[in-house]
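S.K.: Can you keep this structure in mind? I'll have questions shortly.
Every number here is computed from the coordinates shown, using simple stated rules; none is lab data. Because the structure is predicted, anything quoted here is derived from the model rather than measured. When we count neighbours, we look across all protein chains shown, and the Cβ atoms used for this are built from the backbone with ideal geometry, even at glycine.
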Amino acid sequence: MKLKPVDSISGVAPKDFLKNYFVKGHPVIIKDFISKDSACWQKWSYDYFKEIAGNEKVDIYGREEESQNHAASPPIGRMTFGEYLDKISAAPTEFRLFMFNLLKLRPELKKDVIYNDVTGGKVLQWLPYMFFGGEGSATRNHFDIDMSHVFISQFQGAKRIWVFPNDQSDLMYKLPYNFHSIANLKTSSVGDYPGLEFLDGYEAVIHPGETLYMPAGWWHYIQYETEGYSISVRALPNSVSEKLKGARNLFVTRYFDDTMRKIFSDKWFHYKINTAKRRANRALKKRG
């Protein structure tokens, strides 16, 4: 697996960002996507979050290897938001909050974030999601079901993110009718998954105030270097074909997979695994 560092930019004009990154589908770290004048930099902390929403019940997510047959991993438990923040502050843990919408629960928080929209208005600022994780936790390798462009901004701690173009899906051992791979990019062996040796992607480590732009449909494997949290916003895909693919994923593919899993259970899962491996072997043969 080859990983190149992601370039960083700041002060970029929307026309230049669209031309050099958005249209070309090239990942980049943006240093000033969240304005330094945003109130969040002074107001937000775990203590503040516990004060305004500490009693809210939240779903907790853990290791995802045990739920490979699901398009989205099911939660492993529930606790209050305050209890969760105390837990990730105390020691490393694999516990994460997935697409936790604190900004919907407390909409006044949206006013605390000022975006420097480098897309000239394409970013859906009204649809932010927060992601929390303990030190050492990680998401499984996946791409977003709606095929949107993603801007993930770090607010506390550090994240290491590996990103890959969607055309490497077969080498990823992508499960058909799902949006994740069965291989773990960090722990799976090349002996078991030889396609991993030929992956060619990028590595970014983002810290507070930095935003990673991930082009539409790109794979990403997110690792929490420390405990922390980020906010993700998105922009719609560029092309009609990407929009149609995202709509098909959302409204057809995932429900078809749910139905087949209910009917055929483990047989369906084994069929998908075998198909993923067969496609990877075919991709390897094409490489010579």
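S.K.: What does the charge count around residue 279 come to, taking other residues whose C-beta lies under 9 Å from its C-beta (Lys +1, Arg +1, Asp -1, Glu -1)?
M.R.: +3
S.K.: Over 19 Å between Cα atoms, which of 36/111; 87/110; 24/122; 110/159; 186/272; 186/286 qualify?
M.R.: Where the Cα-Cα span goes over 19 Å, the pairs concerned are 87/110; 110/159; 186/272; 186/286.
S.K.: Taking only Cα atoms and a 10 Å spring cutoff, compute GNM fluctuations for the chain and point out the largest among 56, 225, 210.
M.R.: 56
S.K.: Would you mind ranking 221, 129 by Cβ crowding within 10 Å, fewest neighbours first?
M.R.: 129, 221
S.K.: Then there is this: Peptides 277-288, 244-255, 172-183, 198-209: what's the order by average Cβ count within 10 Å, highest mean first?
M.R.: The densest-packed peptide leads the list: 172-183, 198-209, 244-255, 277-288.
S.K.: Then there is this: Once both labels are modelled 7 Å past Cα along the beta-carbon direction, what's the residue 19-residue 248 spacing in nm?
M.R.: 3.4
S.K.: Also, quick follow-up: Measure out, as a whole number of angstrom, how far apart the alpha-carbon centroids of region 259-288 and region 173-231 sit.
M.R.: Taking the Cα centre of region 173-231 as reference, the centre of region 259-288 is 20 Å away.
S.K.: Here's something else I'd like to know. What is the fewest-to-most order of 118, 150 by other Cβ atoms lying within 10 Å of their Cβ?
M.R.: So the ranking, lowest neighbour count to highest, is 150, 118.
S.K.: At R0 = 45 Å, how high is the FRET efficiency between residue 239 and residue 197 if r is their beta carbon distance? Nearest 0.05 is fine.
M.R.: So the FRET efficiency works out to roughly 0.90.
S.K.: Another one. Expressed in nm to one decimal, what extension gain is obtained for the pair residue 41 and residue 284 from 0.36 nm per residue of sequence separation less their Cα-Cα distance?
M.R.: Result: 82.7 nm gained on full extension.
S.K.: Additional query: Using modelled amide H (1.01 Å from N, peptide plane; none on Pro or chain starts), what sits under 5 Å from the amide H of residue 156, excluding residues fewer than 5 places away?
M.R.: Here the answer is 229, since their amide H atoms fall under 5 Å of that of residue 156.
S.K.: Can you give the calculated 222 nm mean residue ellipticity of the chain, where each DSSP H run of n ≥ 4 adds -39,500 (n - 2.57) and the sum is split over every residue, rounded to the nearest 500 deg cm²/dmol?
M.R.: Value at 222 nm, helices only, nearest 500: -7000 deg cm²/dmol.
S.K.: Further question on the same structure: So what is the diffusion coefficient of region 2-286 in µm² per second by Stokes-Einstein at 4 °C and 1.567 mPa s, using a Kirkwood Rh over Cα pairs?
M.R.: 66
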